[in-house]
1. Count charges around Asn44 for me, please; just the other residues with Cβ under 12 Å from its Cβ, Lys/Arg as +1, Asp/Glu as -1.
2. Keeping the other protein chains in place, figure out the carbon and sulfur percent of the accessible area of the chain, with a 1.4 Å probe.
3. Considering the convex hull of the alpha carbon atoms of the chain, report its projected area averaged over all viewing directions, in nm², one decimal.
4. Just reorder Tyr36, Tyr104, Tyr22 by solvent-accessible area, largest first, 1.4 Å probe, all chains present.
5. Go ahead and run the numbers for FRET between His198 and Arg28, Cβ-Cβ distance against an R0 of 45 Å, rounding to 0.05.
6. Modelling each spin label as a point 7 Å along the Cα-to-Cβ direction, I'd like the Phe4/Tyr36 distance in nm, to one decimal.
7. If each of Glu182 and Phe121 carries a label point 7 Å out from its Cα toward its Cβ, how far apart are those two points in nm?
8. Provide the net charge surrounding Thr92, with neighbours chosen by a C-beta distance below 15 Å and charges set as Lys +1, Arg +1, Asp -1, Glu -1.
Amino acid sequence: LGNFITLPQLFSGDPPKLEQAYSPMTIRFFILQAHYRGTLDFSNEALQAADKGLKRILQAAKDLNALLGRQSKALPYGEYGENIAPDSCKATNPEVKAIFDGVYDALCDDMNTPIALSHIFDAVRIINSVKDKKLQLAKEDLETLAQLFDDIVFGVLGLRDEEGENGKSGKTIAGLMKMVLESRAEAKAAKDWTKSDHIRDCLNELGIT
C-alpha cells in the first residue's frame, strides 16, 4: 500500500516523503520521545526536531565532561564508575536532586521515556547555565549529572554520539552503506555470486548483517 517506511529507507532518505536521511540514533531518540504503548506522530518536522534535540543532549554531555576536567569528548557508558542507586544521590542542589529523582521515577513508571527525557532536558539547561557562568554548582552536583548521563542517557536509553571523534556523520555512513548494498544488489542481478558473497562476508566480518 506504500503506507510505511523501512529503517534502511529512513537512514538513506530515499522515500519522496522524507526531506533528508536520518541517522539511527536520531530515529532511536525520536521513538523514545513517545511512550512505547502510545502513538508516535511521524513527520519530517518531528524527525528534524528529534535530530536537534539529540544534538543538544550530546553537546551537554561533552560540556559536562569539560566542566569536570575530563579528557574524553563524550562519556561512554560504564566509564564513569559505579552506577548510582536511585536512593543514594549525592547532589546538594535541590534542582539537580529533583532531576535525578524525576528521571528514575519516570522510568520506574512503566518506562515513561518521554517524561524521563523532559528531565534530561532540564539537566541540559542547567549544564548550559553553568557553562555560561550564569549558575554555580558544587562538584557533587556536576558528578551526579554526569552519572545520570552515563547510566540513563548512554546506558538505559542507549544513545551515543555517532559522529564520534573521526567526524563521520550518520548521514555519511548511511550513504556508504547504500553504495555497498547497491553494489551487492547489482552483483546478484548479474548472477555474480562470487562478488555478491564476498561483499556479504566482508560486511559480516564487520558485524553488519
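1. -3
2. 53 percent
3. 14.5 nm²
4. Of Tyr36, Tyr104, Tyr22, the descending order of accessible area is Tyr36, Tyr104, Tyr22.
5. So, using R0 = 45 Å, E works out to roughly 0.90.
6. 2.0 nm
7. 3.7 nm
8. Every neighbour counted, the sum reads -2.
The values are calculated or read from the model by the stated rules, or taken from the named source; none is laboratory data. Please read all numbers here as calculations on a predicted model, not as lab measurements. Because the Cβ atoms are built from the backbone with ideal geometry, glycine has one as well, and the counts that use them run over all protein chains shown. Keep in mind that these areas ignore ligands, DNA and RNA; they rest on the heavy atoms of the full protein, side chains included. Shrake-Rupley method; radii C 1.70, N 1.55, O 1.52, S 1.80 Å.
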